[in-house]
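Values in this text are rule-based calculations from the coordinates and carry no lab data. The structure presented is a predicted model; accordingly, all values stated were derived computationally and were not measured. Quick reminder, even Gly has a Cβ in these numbers, built from the backbone with ideal geometry, and neighbours come from all protein chains shown.
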Amino acid sequence: MWEEIFTMKIRFLDPNRVNQIRDYINSDPEFKLAAKYMSQDILLQVDEKQCILKIRDGVIKDILLNPSPMDQWSFFIKAPEKSWELFLQPTPPPYFHSLFGATLREDFQFGGDVEAMFAHYWATLRLFAVIRQLQHE
Amino acid sequence: MLKTEAITGKYIYITIHDVEYRVYFEESGEGIPLLCQHTAGSDGRQWRHLMNDKEVTSEFRVIAVDLPYHGRSLPPESKEWWKEEYKLTKRFFLDFLIEFSHALDLERPVFSGCSMGGHIALDLALEHPEEFRAVIGLQAADFTPGLDLIWFDHPRISAEFKYANLYESTAPTSPEKYRREVGWIYSQSAPPVFRGDLFYYSVEHDLSEKLQQIDTSRVAVYILAGEYDFASTPEMCGQTASKIKGAEFVKMKQLGHFPVTENYELFRGYLLPILKKISKNR
């Protein structure tokens, strides 16, 4: 079982999926409500692979895969792939069910403009809730 | 027919350290007093499911208090509280709970609290064993450092953060409506209260060198911990219990930091056997 989980791809890094993920999140009613004042660029890192979610006025305009060092972001969330896979399980194991818990007790990291992240924390959590749903569809 | 609940509310006046406080509490049931303490930055509404559980209220008088500055217990009128930083100290917390119990003339109540309420359960067991027949500490640990964090009280971060952050402190398996209720209540406290309470929870409360002094022959000690709690983890709570001779520890599956509120139906399966034991030993 664990082998199967660990070979699962992280779909928000999949070039064939990013447009679907962007559209799905943008159509989520709770994300629309939570993100209405959000204009942030979020760097997500899985091992050494990265993407930037570019959000403007509550809408994900683009998911930029493999960004260059010149691409700017406001805050980041990083973890090893095996930890992301646990985090994105439909029912994550303890501490991986929560961004804060996974950072406090596991090996997730956040940084950059954390004030922006906490100011938009509801939207950030909803973003991951939707990504979690899509990871298993 | 009008749908109602058995819970009633009341205001009383209590003086602590020469300051008078107008204190709100709710109660339900008759029998052995069960005094319930809410978590940091929250209020007594967290206990509503327990207070509506007839299997409990048929044998226990359940009382849930709002600490001063929380819920319907407003800040005191007799001092300029707005000129001081709000901080919950262990001394105030202990003295308030003892005074509240005396004001209601409770006879050796059972004390139950969650998170900071769980921590103070252990402080009460150590410092006032004669006052209580048992303490039930939910998410209770000897020491939980590192959580007195600036973003819990910052002018550029709204109450919406608390709504989201405490929502994610519940178990993902708990009913969504009650997970949201936890967050909702948290979004309603005054800006400095949650962090001010964390001063007690994460800085001042430290029983790491004193657990062995708790005498369970004088006051029974039960510690229950939800497996999804990343603040007072089951490991921390279990280690705490193991250092108190005679204390009982239960790890609760599929529950997070707010077992009473987030999934009472599941939680009562852990609580009721303990209450029955206490009732039998009355």
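Semi-axes of the equivalent ellipsoid for the stretch B:99-170, please: Cα gyration tensor eigenvalues, times 5, square-rooted, ordered largest first, whole Å.
Each semi-axis is √(5λ); the values are 31, 14, 11 Å.
Where is the GNM fluctuation largest for chain A (alpha-carbon springs, 10 angstrom cutoff): A:LEU65, A:LEU53, A:LEU33? Among A:LEU65, A:LEU53, A:LEU33, the largest mean-square fluctuation in the Gaussian network model of chain A belongs to A:LEU33. Using only side-chain charges placed at the Cβ, +1 for Lys and Arg and -1 for Asp and Glu, the dipole size of the stretch A:2-135 relative to its Cα centre rounds to 340 debye. At an R0 of 35 angstrom, the distance between the Cβ atoms of A:HIS136 and A:GLU115 translates into a FRET efficiency of 0.60. With both partners inside the protein assembly as shown, how many of the DSSP beta bridges are antiparallel, as a percent to the nearest 5? If we restrict to bridges inside the protein assembly as shown, about 50 percent are antiparallel.
What's the Cα-based Rg to Rh of the protein assembly as shown, Rh via Kirkwood?
Values: Rg = 22.7 Å, Rh = 22.6 Å.
With Rg and the Kirkwood Rh in hand, the quotient comes to 1.00.
Number of Lys-Lys pairs in the stretch A:2-135 with C-alpha atoms under 22 Å apart and a separation of 8 or more places or on different chains: 13. For the stretch B:168-255, the set of GluC sites (Glu not before Pro) satisfying both a DSSP loop assignment and a count of at most 13 other C-beta atoms within 10 Å is given as B:GLU209.
Give the calculated FRET efficiency between B:GLU80 and A:SER39 to the nearest 0.05, with a Förster radius of 35 Å applied to their Cβ-Cβ distance.
On the way: r = 40 Å, r/R0 = 1.15.
Result of the calculation: an efficiency of 0.30.
Once the C-beta distance of B:TYR13 and B:ASN52 is scaled by a Förster radius of 25 Å, the resulting FRET efficiency is 0.35 to the nearest 0.05. Taking other C-beta atoms within 10 angstrom as a stand-in for reagent exposure, B:HIS102, B:HIS205 fall in the order B:HIS102, B:HIS205, fewest first.
Close amide-amide hydrogen proximity is noted between B:ILE16 and B:TYR21, each under 5 Å apart and 5 or more residues distant or on a separate chain (H modeled in the peptide plane; Pro and chain starts excluded).
When each of A:LEU86, B:LEU35 is scored by the number of other beta-carbon atoms lying within 10 Å, the sequence from fewest to most is A:LEU86, B:LEU35.
Dipole magnitude of the protein assembly as shown about its Cα centre, charges +1 at Lys/Arg Cβ and -1 at Asp/Glu Cβ only, in debye to the nearest 20? Don't skip to the end; give the middle numbers.
Details: 47 positive and 60 negative charges, 160 e Å.
Value, rounded to 20: 760 debye.
Alpha-carbon geometry of the stretch B:9-88: the Rg and the Dmax are 14.2, 46 Å, given in that order.
Could you tell me what fraction of 2.2 N^0.38 Å the Cα radius of gyration of the stretch B:1-156 comes to, as a two-decimal ratio? Display every interim value, and only then the final one.
Values: Rg = 15.9 Å, N = 156, 2.2 N^0.38 = 15.0 Å.
So the Cα radius of gyration is 1.06 times the expected 2.2 N^0.38 Å.
Highest mobility in the GNM of chain A, judged by mean-square fluctuation with C-alpha springs under 10 Å and restricted to A:ALA116, A:ALA102, A:ALA79, is found for A:ALA116.
The trypsin sites (Lys or Arg not before Pro) of the stretch A:1-90 that DSSP puts in a loop, and whose beta carbon has at most 14 other beta carbons within 10 Å, are A:LYS9, A:LYS36. Given labels modelled 7 Å from the Cα in the Cβ direction, how far is it in nm from B:ASP95 to B:ILE150? Label at B:ASP95, label at B:ILE150, 3.2 nm between them. Rg/Rh, computed from the Cα trace of the stretch A:36-137 with Rh as the Kirkwood radius, has the value 0.94.
Can you quote the Å³ per residue value for the convex hull of the Cα atoms in the stretch B:40-124, rounded to an integer? Show your work: numbers first, answer last.
Numbers: hull volume 9.5 nm³, N = 85.
Dividing the Cα hull volume of the stretch B:40-124 by its residue count gives 111 Å³.
For the options B:LYS79, B:LYS90, B:LYS251, a Gaussian network treatment of chain B with springs between C-alpha atoms closer than 10 Å singles out B:LYS79 as fluctuating the most.
Sort B:HIS128, B:HIS38 so that the residue with the fewest other Cβ atoms within 10 Å of its own Cβ comes first and the one with the most comes last.
Values: B:HIS128 18, B:HIS38 27.
Final ranking by Cβ density, sparse to dense: B:HIS128, B:HIS38.
Annotation for the stretch B:54-132 versus the stretch A:42-84: alpha-carbon center distance of 46 Å. On a per residue basis, the convex hull of the C-alpha atoms belonging to the stretch B:132-282 measures out at 112 Å³. Scattering from chain B was approximated by placing one identical point on each alpha carbon and applying the Debye formula without solvent; log10 I(q)/I(0) at 0.14, 0.15 1/Å stands at -0.97, -1.14.
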